[in-house]
Amino acid sequence: MSRTRLLTTLMAITVLQGTIALATEMPTVLITGTSRGIGVELARQYAERGWNVIATARNPGSAAALQDIAREHRNVRLEALDVTDHAAIDALAAKYRGQPIDVLLNNAGISGADEMGQFGHLNYAAYDKVHATNVIGPLKMAEAFLPNVAASQQKKIINITSTEGSIGSVKTRGGGYFYRSSKAALNMVMRSLSLDLKPQGITVGLVSPGFVKDDFTKGLDLPIMITPQQSASAVIKVIDGYDLSKTGSFIRHTGEGAPW
Ligand SMILES: NC(=O)c1ccc[n+]([C@@H]2O[C@H](COP(=O)([O-])OP(=O)(O)OC[C@H]3O[C@@H](n4cnc5c(N)ncnc54)[C@H](OP(=O)(O)O)[C@@H]3O)[C@@H](O)[C@H]2O)c1
């Protein structure tokens, strides 16, 4: 290995004039919501592949598993980010100005189920929170980090959605108004964005991660459920295969298309 290459590898993270530059040999992924669940596994698996990982979380300091990943992998940077805080998103984008980001991975999400209440007594403040997190957050992230994605090799903006947002799939069970409508809205926002960004060679993807056994589905234990590890590796495989020819499509973790 040449001295230059060795230095680049060892100095995976370098601070340059107040902005951050990562090693350029490997692709870079920025992931939201990496404190737990699918997000922490996405961070771990991209880190193990040797990618530069910008792992964002509301409170990275209190996310023990995430801290362990960062300790074990020099290619991981932890950043505090609440995706409903637009000033913080802009500040993070300013910090990474000029840094190519191959995959912007909008993973953070909430169901709002605990706060929703029953029809007749719905808690609309909770609805605002779900929409701010699941729909507006990913759109704002895409806006703020577009120059980073455009400057990268892979040029992908990938959003973790849900088949709960698939109108075509909802046939027998009602309820879930806040979460389901937020994912349906996310699908439309990103479908629309995919058309706008296609001329720049940017792929916008929607991936559902399967029915995953984690805090999100607490209390459920069904045979079809998969672990966060299984989900993350399936999602990464789908992202690897996502290219401009598929932009704007809604793909399950299995690689099959999902109905809108
Ligand atoms: N689990 C499933 O079966 C399933 C199925 C379909 C889709 N999904 C989707 O998969 C994604 C990940 O869900 P999960 O299963 O990993 O859920 P989870 O275990 O509940 O984790 C959710 C993650 O999102 C973060 N988050 C919530 N609000 C945030 C905000 N305002 N800013 C930044 N981060 C925020 C949480 O951070 P804190 O620790 O700070 O709360 C946590 O890291 C979500 O988009 C979800 O809708 C999950």
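Quick note: the coordinates plus some simple rules give every number you see, no bench work behind them. Remember, predicted model here, so these are calculated numbers, not experimental data. Every residue, glycine as well, gets a Cβ built from its backbone with ideal geometry; the counts of neighbours run over all protein chains shown.
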Considering Asp82, Asp90, which residue is of a type in the set (Asp, Glu) and either within 12 Å of the ligand (Cβ to nearest atom) or buried (at least 20 other Cβ atoms within 10 Å of the Cβ) (or both)?
Asp82
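Yes/no per residue for (1) farther than 17 Å from Thr32 by Cβ; (2) free of Cβ contacts under 8 Å to residues at least 12 places away in the same chain; (3) under 15 Å from the mean Cα position of the chain (by Cα):
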position: Asp114; (1), (2), (3): yes, yes, no
position: Gly120; (1), (2), (3): yes, yes, no
position: Asp128; (1), (2), (3): yes, yes, no
position: Met141; (1), (2), (3): no, no, yes
position: Lys155; (1), (2), (3): yes, no, yes
Quick one: count up the residues across the stretch 208-240 that are within 7 Å of the ligand (Cβ to nearest atom) and assigned to a helix (DSSP H, G or I).
4
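Which of the residues that make up the stretch 145-171 are in a helix (DSSP H, G or I) and away from the ligand (no atom under 14 Å from the Cβ)? Steps first, answer last, please.
Going through the stretch 145-171, the residues in a helix (DSSP H, G or I) turn out to be 145-150, 163-165, 167-169.
Scanning the stretch 145-171 gives Phe145, Leu146, Pro147, Asn148, Val149, Ala150, Ile167, Gly168.
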Among the residues of the stretch 200-207, are any loosely packed, with under 14 Cβ neighbours inside 10 Å and more than 9 Å from the ligand (Cβ to nearest atom)?
yes
Residue check: is Leu22 farther than 17 Å from Ala142 by Cα, of a type outside the set (Ser, Thr, Tyr) and within 15 Å of the ligand (Cβ to nearest atom)?
no
